[in-house]
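One structure is given here, and the rest of the page talks about it.
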Amino acid sequence: MTRGDAPDGCPGHGVTLARGPARADLLTRGATLSAFHLDGFDHSLTLGSPDPACYSGPLRYFGAIVGPIANRIAKGIAPLDGSVLHLDTNEAGSALHGGPDGLSQQVWAITKCRAESVTFGYHMPDGAGGLPGPIDFAVTYDIEEDGAFRIAVTARSATLTLCNPAFHGYWSLTGQGLAGHRLTIDADHYLPVDAALIPTGTVAPVAGTAYDLRQPTPLPASVDLDTNFCLNGEGLREVARLETDRLVMVVETDAPGLQVYDAARMDTAPAKGHHGAPYGAHSGIALEPQFWPDAPNHPDFPPITLRPGAPFSQTSRFRFIRKETP
């Protein structure tokens, strides 16, 4: 079902999905998941705000589809087929999550809607953000019978371009930050970064480092996490687990990477979250299935080239296992 326009003047709508034990609230701005509820828990498992206007400010990435190129492109420069693209920049001279007017700030169209699923679409014009196009994006959110939350993202272009959209939800299974959470990631390698959080180009083993999260690790971890983990395996498979004493969230994806940000630098003031106050450091954790950051500038990284006739497709699934009955 759909809800009204956003009060900040954005011609957007809200959609509420429900099936089995789960309910999801979504916005057309950014194709954003603004809240996710599970029976037996009196709080949203994702960070967000009841005020849609916050999503054009401090919460601009919370629960949104970010891109068209998620994560960072160093200095906004990306080689493509013998030419060099100059992308719009917005973070210390680099392009982050598609620049200042990326997918998270666009109003997507509702192209299909049922009680348990919705599809949003967005037509990105040629040249937007510095990318060749046009590019047509679609994302389908679906609540499965057991309450699992499935996200399927596709993109098509008639022109050779670059593409790496990602879902940027923040999770707190307790609704009270990261204390009491443990995180496991099925990755033998990660990408070290420089002071600007740009990959150095090295694919480093996690063994013997603070980035070895192959066993359940208490959060916040001993090192601040804003890190791409190079996931083991291929195809749709389990890649991570976030758990508390009451609940486990299993992350499945067919993406080659998982960007993990533990919100160590988060401060949404004055924008208030679901709990009526601004979100501060370690209020939640972003688990973002995607291709690796700054990929065009590292020939050894999985490529993010989008070619005519070869659409982009990525599926992720967030599945919940209760440790106790509600």
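The values are calculated or read from the model by the stated rules, or taken from the named source; none is laboratory data. Source: prediction; values computed, not measured. Note that each Cβ is placed from the backbone with ideal geometry, even for glycine, and that neighbours are counted across all protein chains shown. Note: accessible area is taken over every heavy atom of the protein model, side chains too, but ligands, DNA and RNA are not part of it. Shrake-Rupley method; radii C 1.70, N 1.55, O 1.52, S 1.80 Å.
The table below gives the values:
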read-out	value
Residue 44 accessible area, assembled protein chains, probe 1.4 Å, Å²	10 Å²
In the stretch 247-326, trypsin sites (Lys or Arg not before Pro) in a DSSP loop with at most 11 other beta-carbon atoms within 10 Å	265, 323
Cα-centred dipole magnitude for the stretch 120-275, charges only on beta-carbon of K, R (+1) and D, E (-1), debye, nearest 20	280 debye
Convex hull projection area averaged over all views, the stretch 192-326, Cα basis, nm²	11.1 nm²
Assigned charges on the beta-carbon of Lys, Arg, Asp, Glu; the chain dipole about Cα centre (debye)	420 debye
With every protein chain in place, the chain: carbon and sulfur % of accessible area (1.4 Å)	51 percent
Rounded accessible area per residue of the chain, 1.4 Å, Å²	39 Å²
Within-10-Å neighbourhood charge of residue 252 [Cβ basis; K, R +1; D, E -1]	+2
Once exposed loop GluC sites (Glu not before Pro) are cut out (DSSP; at most 14 other Cβ, 10 Å), longest piece of the chain	1-144
Rg over Rh [alpha-carbon atoms, Kirkwood Rh] for the chain	0.94
Positive-pole candidate from 68, 222, 148, dipole of the chain, charges at beta carbon	148
Mean-position separation - Cα centroids, the stretch 235-297 and the stretch 46-80, in angstrom	13 Å
Relative intensity, log₁₀ I(q)/I(0), of the stretch 26-105 from a Debye sum that treats every alpha carbon as a point, q = 0.22, 0.25, 0.26 Å⁻¹	-0.94, -1.08, -1.13
Overall dimensions of the stretch 168-265 as given by Cα atoms, namely Rg and Dmax in Å	13.1, 39
